[in-house]
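All remarks here apply to the structure that follows.
The values are calculated or read from the model by the stated rules, or taken from the named source; none is laboratory data. No experiment lies behind these values; they were computed from the predicted model shown. Here the Cβ is made from the backbone with ideal geometry for all residues, glycine too, and neighbour counts use every protein chain on show. Surface accessibility is based on the protein's heavy atoms, side chains included, excluding ligands, DNA and RNA. Shrake-Rupley method; radii C 1.70, N 1.55, O 1.52, S 1.80 Å.
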Amino acid sequence: MERYYQPEIETMPREELKKLQSERLVKQVQHVYDNVPYYRAKMDAKGVKPSDIKGVEDLHKLPFLSKDDLREAYPYGLLAKPLEECVRIQSTSGTTGRRVVAFYTQHDIDLWEDCCARAITAVGGTKEDVCQVCYGYGLFTGGPGLNGGSHKVGCLTLPMSSGNTDRQLQFMTDLKATILCCTPSYAAYLAESAIESGLRKDLCLKAGIFGAEAWTQEMRNDIEEKLGIKAYDIYGLTELSGPGVSFECSAQGGMHICEDHFIAEIIDPVTEEVLPYGQKGELVFTAITKEAFPMIRYRTRDICVLNEEPCSCGRTHIRMSKPMGRSDDMLIIRGVNVFPSQIETVLLNKGMSANYQIIVDRENNSDTLDVEVEMPPELMSDSVAVIAKKEKEIVMALKAMLGIMAKVHLVAPKSIARSEGKAVRIIDKRKLY
């Protein structure tokens, strides 16, 4: 039987939900216009006043915000509440340019934790569960968000943070953790370590909530098989709150967006035209309940599809697909758009490890694409000719998927550095700027 953390909201009829969104949007636009000079200037430049926004149907009239705006307004330029009412900041895990710093009132944190509690409940979590949170704590939103959500559900919470895998496995087995929250690459690493150390048989895990980086269906299958769990996706951004903006339910047909807090749109990333449900484009979010740092029409750069079809789980909130790449860090190689997820799909379909690196460089004014991937242990004993044949097979599969040639290098198991946080999948050595 499907469980909900806030059933009256999660199963609210669509018409009521739209009415609630409209009321909150009108209030939020006025709040931002009155309290954020930076955004007020953007609205004025576009000739839009708060009185022009009567409901969600008017959302398209408002200007967009992007990461460039956040960097330009850093640190306090987008703050909508007095600093004395703010109780916390979180920051992006990115390392380029100025970091994005988001502010939270206590009310913002309570609502964020509610969203994470919905996600934990959706995977079957109850107060009987032991929830091991291996996302990073500190400035990164993963740890604090799922930690708070776990508390709200009433789980025994193990606030492990990332790293120290031996200790992770000790607590996981000794305290019989049932729900694991971490990045998918770290889940794969934990699975590998549990099998190697002989602790796999002692695990009591039933579900995993994995997010913060791209992962494919093939990687999900691999993690599920190795850990003996159901693996669920979760999505979020520091700019909006953190994980819990959307999450998978038991049906696993996309991630339900918490529409009472966030309005989602899909736009054409080039023309900025709003696209209908079912079409692929860039995801844009408006936070309608956030007090301290309310993003209006924030361009996430994530490419996905929104689905409004009814879900068998009973939740009425629309679902977003897993991001299919990004409109900003999509790789353009020899004029071809390449998403790392396409390469990962090919590798896993060919029985390779989920541990790989994509290295892009430029020689004689021409882009080069090299893919290093760990071979499974059983291939290690094969002859050089057999390994070369496998490399050629993957080269042809990548050519079919991408439309361009790549060099493939099968390397020994464990020779690519393991990640305990976000995996470093792409090394772009080109001097493009």
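List of remarks:
- Any helices (runs of 4 or more DSSP H) falling wholly within the stretch 34-122 and containing at least 3 residues that are among the basic types (Lys, Arg): 37-46
- Every condition in (1) modelled with pLDDT under 95; (2) outside any helix (DSSP H, G or I); (3) among the polar types (S, T, N, Q) is met by Ser246 except one, and the failing one is (1).
- Odd one out for Met219, checked against (1) touching a residue at least 12 places away in the same chain (Cβ under 8 Å); (2) assigned to a loop (DSSP other than H, G, I, E, B): (2)
- Contact map, the stretch 399-414: residues that are over 18 Å from Val360 (Cβ atoms) paired with residues that are open to solvent by 80 Å² or more (accessible area, probe 1.4 Å), Cβ distance under 6 Å, separation 6+ or inter-chain. Pairs shown: Pro413/Pro377.
- When Thr289 is tested against (1) part of a loop (DSSP other than H, G, I, E, B); (2) open to solvent by less than 10 Å² (accessible area, probe 1.4 Å); (3) under 27 Å from Val32 (Cβ atoms); (4) not basic (Lys, Arg), just one condition goes unmet, and that condition is (2).
- Exactly one residue among Ile404, Ile394 is touching a Lys or Arg at 6+ places or on another chain (Cβ under 6 Å), surrounded by 14 or more Cβ atoms within 10 Å (Cβ to Cβ) and more than 30 Å from Glu272 (Cβ to Cβ), and that residue is Ile394.
- Every condition in (1) open to solvent by 10 Å² or more (accessible area, probe 1.4 Å); (2) part of a loop (DSSP other than H, G, I, E, B); (3) touching a Gly at 6+ places or on another chain (Cβ under 9 Å) holds for Pro144 except the one numbered (2).
- Annotation: of all residues in the stretch 254-286 being touching a residue at least 60 places away in the same chain (Cβ under 8 Å) and in a strand (DSSP E or B), the one that is nearest to Gly211 (Cα to Cα) is Met255.
- Only one of Leu180, Leu175 that is modelled with pLDDT of 95 or more, on the phi < 0 side of the Ramachandran plot and open to solvent by 40 Å² or more (accessible area, probe 1.4 Å): Leu175
- Residues located in the stretch 200-229, provided they are within 28 Å of Leu240 (Cα to Cα), out of contact with any Lys or Arg (no Cβ under 7 Å at 6 or more places or on another chain) and open to solvent by less than 40 Å² (accessible area, probe 1.4 Å): Gly208, Ile209, Phe210, Gly211, Trp215, Thr216, Met219, Arg220
- Ser312 vs. criteria open to solvent by 20 Å² or more (accessible area, probe 1.4 Å) and either touching a residue at least 60 places away in the same chain (Cβ under 8 Å) or among the acidic types (Asp, Glu) (or both): yes
- Residues that are over 24 Å from Ile223 (Cα atoms), at pLDDT 90 or above and within 28 Å of the chain's Cα centre (by Cα) do not occur anywhere in the stretch 381-396.
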